[in-house]
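Reviewing the structure listed below.
The values are calculated or read from the model by the stated rules, or taken from the named source; none is laboratory data. For clarity, every value in this text was computed on a predicted model and none was experimentally measured. Ideal geometry is used to build each Cβ from the backbone, glycine not excepted, and the neighbour counts take in all protein chains shown. Surface areas here come from the heavy atoms of the whole protein model, side chains and all, with no ligands, DNA or RNA. Shrake-Rupley method; radii C 1.70, N 1.55, O 1.52, S 1.80 Å.
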Amino acid sequence: MKVSLQWLNRYVDLSDHTATEIADALPMLGLEVEGTAEAGLPPLPNVVVGEILSFTQHPNADKLSVCQVNTGDAAPRQIVCGAKNFKAGDRVPVALPGAALPGGFEIKVSKLRDVDSHGMMCSARELGLGDDHGGLLILTDRNLPVGTPINDHFPKPDTVFEISVTANRGDALSHIGVARDLAAYYGKTLKLPELAGTSTSASTDAGGANGAGGAGGEPLVNVAVSSPVCPYYTARSIRGVKIARSPEWLRRDLEAVGLRPVNNVVDATNWVMLETGQPLHAFDAAKIAGRTLHIRDAAAGETLLLLDGKTAALEAGDCVIADAEKPLVVAGIMGGEDCGVSDATADIVLESAWFDPSAVRKTSRRLGVATDSSQRFTRDADPEMADFASRRAAEIILQTAGGSLTGAPVVVGRPPRAANTIAISGAFVRTRLGCDDAAASDDAIASVFRRLGFGVAADPALPANWLVTVPTFRPDVGRPIDLVEEFVRVHGAACVPADAIVAPSAPAADAPVAVFTRNAASLLAGRGYAECWHYTLIDGRTAARFHGEDFAAALALANPLASDQSHVRPSLLPGLLGALRLNLAGRNAPRRLFEIGRVFRPARDGSLRELISVAFVILSEPATPVWKKRDDADFFTAKKLALELAALAGVAPRRLVWAGGSGAFWQGGHAGAAKDRAGQAEIVCGLADAALAREWDIKTGVVAGEVLLTRENFAAAPKRARFQDWSPFPPASRDVAVVVDAALPAADVLDKIRGAATKAAGKDFALENVVCFDVYSGAGLPEGKKSLAFSITFRAVAKTLTDDEVNKALEQILAAIEKTAGYQVRR
């Protein structure tokens with residue numbers, strides 16, 4: 001938000017502080033200053049007030065005029081001009097030869113189409129006063145002394161602060177809000193604008209009606225409210241306005257903060273919004289069909305042509321302000337093109353209301369329309385300000401556009417919240433800050449609260465306590481600890497004593513989880529995988545798409561800030577698919593991506609378990625031509641990598657029980673899933689569903705995997721690796737083939753053989769490895785059977801194994817296999 005220093009000075013006297021000091025103070029108040037700029041007329045030597053005495057058509061150019069201009073010299077100056085918006089007697093800014101205008105443009109005596117020109121008459125843009133370049137800047141005061149410096153007749157340049165306002169500080173989206181903080185910081189008095197000529201009225205019931213009292217005559221419209229998005233709505237009727245250019249002070253203020261002036265009515269509503277933080281809207285009363293405004297939910301399929309020229313496709317649940325025939329405004333966001341103020345407008349209806357922040361945010365995000373109004377409503381604008389801002393805008397419109405109020409203000413509903421009272425004591429503040437009375441006395445604490453606009457009164461029940469009344473413009477202050485923060489924000493952190501941290505803690509880098517994530521990232525990055533980071537929140541449709549409605553319901557947030565971040569993520573794989581799609585669309589040719597982060601899964605008791613996840617995706621084929629084709633990635637590629645990642649967390653392959661992978665993400669028959677018996681680790685890997693990949697605009701196959709680990713997996717201290725001497729003696733190998741059911745996983749058979757071989761080796765020598773090197777099914781085997789061939793390797797540390805020792809061990813292995821039901825040794 002842009003904030004004008006001259007504008008701030010209307011509410012708090014900052015004349016004894018420089019712009020630099022104020023720019024340093026604002027971040028201490030939680031309002032980060034992203035930049036400062038100068039607005040208004042810069043110092044312009046050799047630019048003076050001139051009077052156009054006469055003008056004639058340029059002899060050689062139809063669009064130019066030759067003017068005689070009095071600039072205070074002995075004789076008039078001849079100046080060639082291309083503008084058409086002047087007449088004889090007008091006073092205008094004149095840049096004399098030698099003047100340097102903003103942008104480095106230097107004025108010289110020159111010839112324009114063979115006619116001498118001794119200077120230049122200037123537009124507002126040429127003087128750095130805005131973007132208006134449609135003609136000369138006509139100085140409305142005809143009594144300005146000719147020949148005097150133009151800077152003598154304009155205010156000094158203004159300083160404009162670009163402020164970043166956090167989501168909880170909607171009150172700071174106004175000049176009054178920023179001025180209030182600065183007044184509290186500097187111990188100054190806040191001067192709020194006084195209202196005189198507009199009346200208030202009592203609220204009506206929620207169904208809608210006209211208020212009683214106020215100006216004579218009838219209101220221009222009736223109002224009805226049926227949408228829960230709008231609990232409070234006001235409308236004032238003004239007849240006989242004259243649409244014209246806004247006065248210079250109003251235009252100057254708007255241009256200083258980056259808004260383009262439109263006309264005196266629209267500019268008044270924008271100015272009051274920037275002053276108070278309350279958005280307003282002015283309707284052309286003649287364009288309201290049936291003299292009725294109905295605040296209702298949109299019907300599915302309704303559309304509205306907005307002021308920016310875009311057509312909004314409305315959905316059920318969007319709140320609109322409609323007349324008797326059609327929607328006119330998307331509530332809290334933007335008005336329609338068919339209801340706004342134009343040059344022909346004579347009567348207006350001035351709207352000021354409060355709309356539910358979450359509803360405005362949802363509609364704004366879905367439509368992709370963000371405005372100054374939506375920014376303020378989504379940050380919970382002060383509902384008590386709605387009537388004040390309406391009265392303030394009505395006064396300015398009456399001053400700048402004429403007209404008169406007609407009928408009583410129409411008020412429907414009431415402000416949806418009241419001031420909040422919090423019990424707190426000075427001792428509580430000092431305890432939380434760790435300081436004493438000298439650093440933060442009761443008087444100092446109470447003074448800060450009062451300067452922020454909070455009421456402070458003694459608690460009758462506990463004399464040592466205060467009852468602090470927090471006004472409605474600060475909904476973010478709801479607890480005693482929030483008041484502590486407010487005190488420190490204004491008083492400063494110097495009251496917090498410096499002290500050493502007395503609680504030693506192990507560096508996070510040495511925590512088992514941190515070691516694992518670092519090692520996993522190093523492994524994947526070393527193999528050419530690029531790391532991704534995504535938000536831990538996803539939308540509900542994605543969660544339900546991959547895991548089902550019941551599963552997704554358990555992941556929903558109670559109070560989401562955005563519709564596309566309404567659920568915690570149960571998996572990293574959808575985010576990686578999105579990253580693949582984004583990079584493919586940008587022709588970045590990604591091949592391998594990975595992510596490490598937290599995911600959440602429902603537990604049996606209804607709670608959520610937080611899991612550590614490592615996920616990866618691989619394009620099975622390169623996205624761009626390559627000079628040498630390598631083997632495509634497949635299920636076994638993903639399984640091997642997933643097992644390596646699990647091993648980094650201490651999960652041995654023999655702890656895992658494998659089964660076929662299932663779920664919307666996976667291609668049936670081409671994925672596997674494994675869990676360890678303790679329930680502390682889970683692996684799923686394989687080929688992503690081809691139809692799913694096409695939905696995500698990925699035309700090649702995607703191989704993926706994810707390793708999920710509970711924190712209990714890292715609870716035990718990792719075993720230290722100990723050096724084991726290597727054997728200088730050769731190994732001894734034997735092969736064995738086993739016939740089993742075709743559906744039995746080879747890993748189960750391998751585990752069985754490994755256990756038997758370890759027992760057979762005993763203490764005399766060691767089992768070094770068991771490898772499956774052949775799988776066969778077909779001729780020579782019974783129906784539904786397969787043959788698995790394994791190589792078993794033994795080695796001794798202190799000797800060369802003899803054939804008798806190895807054969808004896810092999811016989812024990814074969815005997816153990818034959819005792820297992822369903823296993824048959826091929827001899």
If you take just the helices (runs of 4 or more DSSP H) that sit entirely in segment 498-561, which of them hold at least 1 residues that are in contact with a Pro (Cβ under 6 Å, 6 or more places away or on another chain), open to solvent by less than 50 Å² (accessible area, probe 1.4 Å) and free of Cβ contacts under 8 Å to residues at least 60 places away in the same chain? 540-547
So, E106, is that one more than 26 Å from D380 (Cβ to Cβ), modelled with pLDDT of 90 or more and of a type in the set (D, E) or not? yes
Note on segment 785-827: residues crowded, with 17+ Cβ neighbours inside 10 Å, part of a loop (DSSP other than H, G, I, E, B) and touching a Ser or Thr at 6+ places or on another chain (Cβ under 8 Å) are A796
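Could you identify the single residue in G403, G332 that is touching a Gly at 6+ places or on another chain (Cβ under 9 Å) and within 29 Å of W249 (Cβ to Cβ)?
Just a single option satisfies the conditions, and that option is G403.
Restricting to segment 6-44, what's the tally of residues that are of a type outside the set (G, A, S) and within 26 Å of A370 (Cα to Cα)?
The number of residues fulfilling the criteria is 9.
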Of residues in segment 37-79 being among the charged types (D, E, K, R) and under 56 Å from the mean Cα position of the chain (by Cα), the one modelled with the lowest pLDDT: E38
Pull out all pairs, ordered by first then second residue, where Cβ-Cβ is under 6 Å, the residues are six or more apart or on different chains, the first lies in segment 283-296 and is closer than 24 Å to D267 by Cα, and the second is hydrophobic (A, V, I, L, M, F, W, C) and open to solvent by 10 Å² or more (accessible area, probe 1.4 Å). D284/V341; A285/L220
Do you know which residues across segment 170-190 are assigned to a loop (DSSP other than H, G, I, E, B) and buried (at least 20 other Cβ atoms within 10 Å of the Cβ)? L173, S174
Residue check, V266 against (1) more than 21 Å from D387 (Cβ to Cβ); (2) open to solvent by 10 Å² or more (accessible area, probe 1.4 Å); (3) of a type in the set (A, V, I, L, M); (4) in contact with a Gly (Cβ under 9 Å, 6 or more places away or on another chain), all met but one. Which one? (1)
Within the group V739, V651, V703, which residue is in contact with a Leu (Cβ under 9 Å, 6 or more places away or on another chain) and under 30 Å from G780 (Cβ atoms)? V739
Filter segment 470-481 down to the residues that are free of Cβ contacts under 8 Å to residues at least 60 places away in the same chain and out of contact with any Phe, Trp or Tyr (no Cβ under 7 Å at 6 or more places or on another chain), then identify the one that is surrounded by the most Cβ atoms within 10 Å (Cβ to Cβ). V477
Show me the strands (runs of 3 or more DSSP E) entirely contained within segment 677-768 in which 2 or more residues are of a type in the set (A, V, I, L, M, F, W, C) and farther than 29 Å from P602 by Cα. 732-741
Residue ID - surrounded by the fewest Cβ atoms within 10 Å (Cβ to Cβ), chosen from residues in segment 652-669 that are farther than 27 Å from I698 by Cβ and touching an Asp or Glu at 6+ places or on another chain (Cβ under 6 Å): R654
Members of segment 18-34 found to be surrounded by 15 or more Cβ atoms within 10 Å (Cβ to Cβ) and outside any helix (DSSP H, G or I), listed by number: L29, G30, L31, V33
Meets criteria (open to solvent by 70 Å² or more (accessible area, probe 1.4 Å) and either more than 27 Å from N143 (Cβ to Cβ) or not hydroxyl-bearing (S, T, Y) (or both)) for S4: no
Within segment 43-61, take every residue that is of a type outside the set (S, T, Y) and surrounded by fewer than 16 Cβ atoms within 10 Å (Cβ to Cβ) and give me the one that is nearest to A75 (Cα to Cα). L53
Filtered residues of segment 699-728 (kept if more than 22 Å from L611 (Cβ to Cβ) and either surrounded by fewer than 14 Cβ atoms within 10 Å (Cβ to Cβ) or charged (D, E, K, R) (or both)): K699, K719, R720, A721, R722, F723, Q724, D725, W726, P728
Restricting to strands (runs of 3 or more DSSP E) lying wholly in segment 35-104: which have 1 or more residues that are over 23 Å from R142 (Cβ atoms)? 47-57, 77-81
G368 fails exactly one of (1) in contact (Cβ under 8 Å) with a residue 24 or more places away in the chain; (2) closer than 30 Å to V3 by Cβ, namely (1)
Hey, E682 charged (D, E, K, R), open to solvent by 40 Å² or more (accessible area, probe 1.4 Å) and modelled with pLDDT of 90 or more or not: yes
First in segment 251-263 and among the acidic types (D, E), second anywhere and buried (at least 21 other Cβ atoms within 10 Å of the Cβ) and assigned to a helix (DSSP H, G or I), Cβ under 7 Å, 6 or more apart: D253/W7; D253/W271
If we scan segment 390-398, do we find a residue that is farther than 30 Å from S358 by Cα and among the acidic types (D, E)? yes
What residue, among those in segment 133-159 that are part of a strand (DSSP E or B) and under 17 Å from V69 (Cα atoms), is least open to solvent (accessible area, probe 1.4 Å)? L139
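Quick grid of which residues meet (1) at pLDDT below 85; (2) of a type in the set (K, R):
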{"site": "R489", "(1), (2)": "no, yes"}
{"site": "G492", "(1), (2)": "no, no"}
{"site": "V496", "(1), (2)": "no, no"}
{"site": "A503", "(1), (2)": "yes, no"}
{"site": "A521", "(1), (2)": "no, no"}
{"site": "T536", "(1), (2)": "no, no"}
{"site": "L557", "(1), (2)": "no, no"}
{"site": "L572", "(1), (2)": "no, no"}
{"site": "L580", "(1), (2)": "no, no"}
Condition met for R587 (part of a loop (DSSP other than H, G, I, E, B) and of a type in the set (K, R)): yes
Looking at segment 332-356, which of its residues are open to solvent by less than 10 Å² (accessible area, probe 1.4 Å) and either of a type in the set (S, T, Y) or not in a loop (DSSP other than H, G, I, E, B) (or both)? G335, G336, T345, I348, V349, L350, S352, A353
Those residues of segment 357-373 that are open to solvent by less than 30 Å² (accessible area, probe 1.4 Å) and outside any loop (DSSP other than H, G, I, E, B) come to a total of 6
Listed by first then second residue, the pairs whose first member lies in segment 653-676 and is more than 14 Å from A693 (Cα to Cα) and assigned to a helix (DSSP H, G or I), whose partner is open to solvent by 30 Å² or more (accessible area, probe 1.4 Å) and of a type outside the set (D, E), with beta carbons under 8 Å and at least 6 positions apart or on separate chains, are P653/L643; P653/A647; P653/A747; R654/R754; R655/R677; R655/A678
